[in-house]
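In what follows, a structure is listed as C-alpha cells, so that the remarks can point back to it.
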Amino acid sequence: MDSQTAGIVELLVERFGVEADEVQDDSRMRDLDLDSLALVEFGLAVEQQFQVKVSEDEIGPDNTVQDVVRLIDAKLAGDPR
Amino acid sequence: MTGHGLRGGTTAVLAGLGTCVPPKVVTNDDLSLVLDTSDEWIVRRTGIRRRHVIEPGSSTSVLAAEAGRRALKSAQCDEADAVVLATSTPDMPCPATAPEVADALGLAGVPAFDVGAVCAGFVYALATGAGLISTGIAERVLVIGADTFSTILDPTDRTTRAIFGDGAGAVLLRQGEPGEPGALGPFDLGSDGSLSQLITVPAGGSRQRASGVPAAERDHYFTMQGKPVFKQAVTRMTESSRSVLARAGWTADDVDRVVAHQANARILAALADSLGLPPHKIASNIDRVGNTVAASIPLALADADLRTGEKVLLTAFGGGLSWGSTVLHWPDVVPQ
C-alpha cells in the first residue's frame with residue numbers, strides 16, 4: 001500500500017469509524033457508510049492532511065478509495081481538475 | 001444621537017449577558033410524529049435533540065426585549081444609550097425591530113437599529129456596538145441577537161425544521177479600557193456575495209416583487225444547500241478565527257474556549273479539528289436549542305460556564321455569505 005492510500009485508510013478508520021479490514025482499493029464511499037455530510041467532512045480532512053483543495057462535489061458516494069488517491073495524486077501533481 | 005461628544009480611544013467592554021428562549025419545546029420525537037424523520041437521524045446528522053419555538057402572540061421583538069432586560073440586569077444597569085439588534089426575522093419587513101425593542105425596555109429615544117448578517121449577525125452587531133463606543137457616540141450599547149426561524153421554515157421540510165430553533169441573547173457593552181476583562185479585542189469580518197444563493201428566502205424582497213411574477217408559496221420559506229454550506233462554514237470560521245487570533249497576538253493553543261455559531265454539532269467538531277483544538281474547548285449547547293441563528297453565540301456563552309479571565313474566541317458564519325470573529329478575556333459577569 002503506498003503512502004497516499006495508507007493515509008486515506010487511516011483517515012477513514014480513525015475519523016469515520018470504518019473498520020480497517022473493510023477498506024479495499026475498490027471500496028466505494030457509500031459501502032463504507034459515509035453519508036453526504038460525512039463526505040464533506042472527509043473532503044475537509046483530506047484537504048488538511050494532504051494540503052490540497054477539494055470541492056464538495058469531487059468525492060461522491062460512488063467514488064472508491066482508489067479514486068480518492070488518484071484525485072489527491074493529480075492535485076499534488078498540479079492538475080487543476 | 002445621544003449628545004455625547006466624540007471621545008475616541010475607549011474600548012467596548014462586555015458587562016452583562018442575558019438570554020431568552022420561548023417556553024414551548026419541540027423534541028425530535030415531536031418532529032417524527034409529523035415528518036419522515038427520527039430522533040436517531042436528527043442526532044446523527046446535527047447533534048440536536050430539542051429546540052424552542054414561539055407561539056401566537058410572541059415574535060422576535062418579544063424575545064429580544066426579554067433578553068435585553070436580562071442583560072441589563074446582569075450588568076446591574078438600567079439603561080443603555082443605543083440598541084443594536086441582529087436579526088433576519090424582524091417583526092415586520094419594515095420598519096426595523098430594534099426601536100420597538102428599545103421602547104419596550106423604557107429606552108425610547110435612543111438610537112436603535114437592526115443589523116442583518118444572518119447567523120453571523122451577532123458578531124457584526126458586537127462590532128457595530130463596539131464602534132459606537134469607540135467613537136464616543138454611546139457609552140453603553142445593548143447588543144441583541146434574536147431570531148424566530150420557526151416562522152420562515154417550510155413545515156414539510158424535515159431538514160430545516162430539525163435544525164432551527166427560536167431564541168434571543170443580549171450583552172451590554174460599556175466604555176472601558178483595553179486589556180481589562182471583557183474588553184472586546186480585534187474583529188475579523190468578511191463576506192462573499194457571490195455565494196448568496198446558498199442560504200436564502202427567495203421571495204418577499206425587491207428582486208422577486210420587481211419581477212412582477214407572483215412567488216410560489218415555497219419561495220417564502222428558508223432554503224439552504226447543506227453540503228456547500230457545511231464546507232464554507234468550517235473553512236470560513238477557521239480562516240476568520242486564525243485571522244483574528246493573529247491580530248490579537250494569540251495562538252490557537254492560548255484559547256481556553258471557542259464559542260462558535262451553533263450551526264450543527266458536526267460543523268463544530270470539524271472546526272475544532274481544523275483549528276487543532278481538543279473538542280472540549282468548543283462550547284456547545286446545540287443539543288438543547290438547535291441553531292438559533294443570530295441568538296446562538298449569546299445563548300452558547302450563557303451555557304458555556306465560562307470562568308473569569310478565560311481567553312474566549314467568538315466566531316460565526318452565515319448567509320450572505322458572511323462571517324466574523326473576535327476575542328475577549330471573559331469578564332466577571334453572571335448570565336441572567
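For region B:199-247, a residue qualifies if it is within 23 Å of B:THR315 (Cα to Cα) and either touching a Gly at 6+ places or on another chain (Cβ under 6 Å) or of a type in the set (A, V, I, L, M) (or both), and the qualifying residues are B:ILE199, B:MET224, B:VAL229, B:ALA233, B:VAL234, B:MET237, B:VAL244, B:LEU245, B:ALA246. Residue pairs whose Cβ atoms lie under 8 Å apart, sitting 6 or more positions apart in sequence or on different chains, and linking a residue in region A:31-55 that is more than 11 Å from chain B (Cβ to nearest Cβ) and under 15 Å from A:LEU11 (Cα atoms) to a partner that is crowded, with 21+ Cβ neighbours inside 10 Å and of a type outside the set (A, V, I, L, M), are A:LEU34/A:PHE42. For region B:104-187, the strands (runs of 3 or more DSSP E) that sit wholly inside it and include 3 or more residues that are among the aliphatic types (A, V, I, L, M) and under 30 Å from B:VAL53 (Cα atoms) are B:140-147, B:167-176.
Let's see how each residue does on (1) hydroxyl-bearing (Ser, Thr, Tyr); (2) surrounded by 16 or more Cβ atoms within 10 Å (Cβ to Cβ); (3) outside any helix (DSSP H, G or I); (4) at positive phi:
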residue: B:GLY190; (1), (2), (3), (4): no, yes, yes, no
residue: B:SER194; (1), (2), (3), (4): yes, no, no, no
residue: B:GLY204; (1), (2), (3), (4): no, no, yes, yes
residue: B:ALA215; (1), (2), (3), (4): no, no, yes, no
residue: B:PHE230; (1), (2), (3), (4): no, yes, no, no
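Starting from residues that are in a helix (DSSP H, G or I) and not polar (S, T, N, Q), keep the ones in region B:72-103 and report whichever is surrounded by the most Cβ atoms within 10 Å (Cβ to Cβ). Among those residues, the one meeting the criterion is B:VAL101. Selection of region B:26-44 for residues being under 24 Å from the mean Cα position of the chain (by Cα) and either farther than 22 Å from B:SER296 by Cα or surrounded by 15 or more Cβ atoms within 10 Å (Cβ to Cβ) (or both) yields B:VAL26, B:ASN28, B:ILE42, B:VAL43. One residue stands out in region B:289-326 among those that are among the hydroxyl-bearing types (Ser, Thr, Tyr) and within 14 Å of the chain's Cα centre (by Cα): the one that is nearest to B:HIS52 (Cα to Cα), namely B:THR292.
Restricting B:THR238, B:THR200 to residues that are at pLDDT 95 or above, within 19 Å of the chain's Cα centre (by Cα) and surrounded by fewer than 18 Cβ atoms within 10 Å (Cβ to Cβ) narrows the list to B:THR200.
Among the numbered conditions (1) away from chain A (no Cβ under 11 Å); (2) β-branched (Val, Ile, Thr); (3) part of a helix (DSSP H, G or I), the only one that B:ILE267 does not meet is (1).
Each residue in region B:256-270 was checked for being of a type in the set (A, V, I, L, M), touching a residue at least 60 places away in the same chain (Cβ under 8 Å) and either in the same structural domain as B:THR159 (by TED's automatic domain parsing) or surrounded by fewer than 23 Cβ atoms within 10 Å (Cβ to Cβ) (or both), and 1 pass. A count restricted to region B:238-255 and to residues that are more than 12 Å from chain A (Cβ to nearest Cβ), out of contact with any Lys or Arg (no Cβ under 8 Å at 6 or more places or on another chain) and under 14 Å from B:THR326 (Cα atoms) stands at 12. For region B:45-64, taking the residues that are under 20 Å from B:ALA300 (Cβ atoms), at pLDDT 95 or above and assigned to a helix (DSSP H, G or I), the one that is farthest from the other protein chains (Cβ to nearest Cβ) is identified as B:ALA64.
The values are calculated or read from the model by the stated rules, or taken from the named source; none is laboratory data. Predicted, not measured: the structure shown is a model, and the values here were computed from it. All Cβ positions, even for glycine, are placed from backbone atoms using ideal geometry, and neighbour counts span all protein chains on display.
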